[in-house]
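For reference, the structure discussed in these notes is given below.
Bear in mind these aren't lab numbers, they're just calculated from the coordinates by the rules spelled out. The model shown is predicted, which means the values in this text are computed figures rather than measured ones. For neighbour counting, all protein chains shown are included, and Cβ atoms are generated from backbone atoms with ideal geometry for every residue, glycine included.
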Amino acid sequence: MTATTAQTSAMQRAPLNEFLDDRALAELLCISENTPAQWRFTGKFSDELPFYKFGRCVRYRREDIDAFIAKRRVGSVPATVEA
């Protein structure tokens, strides 16, 4: 099984509710609804935030969005205080 076949198989198993459209992505990231389309057009974040096209519909996988958010984290994790 090739990497492409493995990806396709994973995509086929993923429920559609794990995919978000531009509007949901914009709401989650607190950005304009037009920004995801601009990012796709300019290629900005194309490696960090892949998208999928189903006909004319563009969707983002939830786990890709979570990874994108994690990469944007600034600062260290606060130390836990033991009592």
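Which ³J(HN,Hα) values in Hz, rounded to whole numbers, follow from the phi angles of the stretch 55-66 under the Karplus curve 6.51 cos²θ - 1.76 cosθ + 1.60, where θ = phi - 60° and Gly and Pro get x?
x, 8, 7, 9, 9, 10, 6, 4, 5, 5, 5, 4
For Ala67 and Glu48 in one chain, what is 0.36 nm times their gap in residues minus the Cα-Cα distance, to one decimal in nm?
6.0 nm
For a quick check: sort Thr42, Thr35 by the number of other beta carbons within 10 angstrom, fewest at the front.
Final ranking by Cβ density, sparse to dense: Thr42, Thr35.
Please compute the volume of the convex hull spanned by the alpha-carbon atoms of the stretch 16-71 and report it per residue in Å³.
Hull volume over Cα atoms, normalised by residue count, gives 77 Å³.
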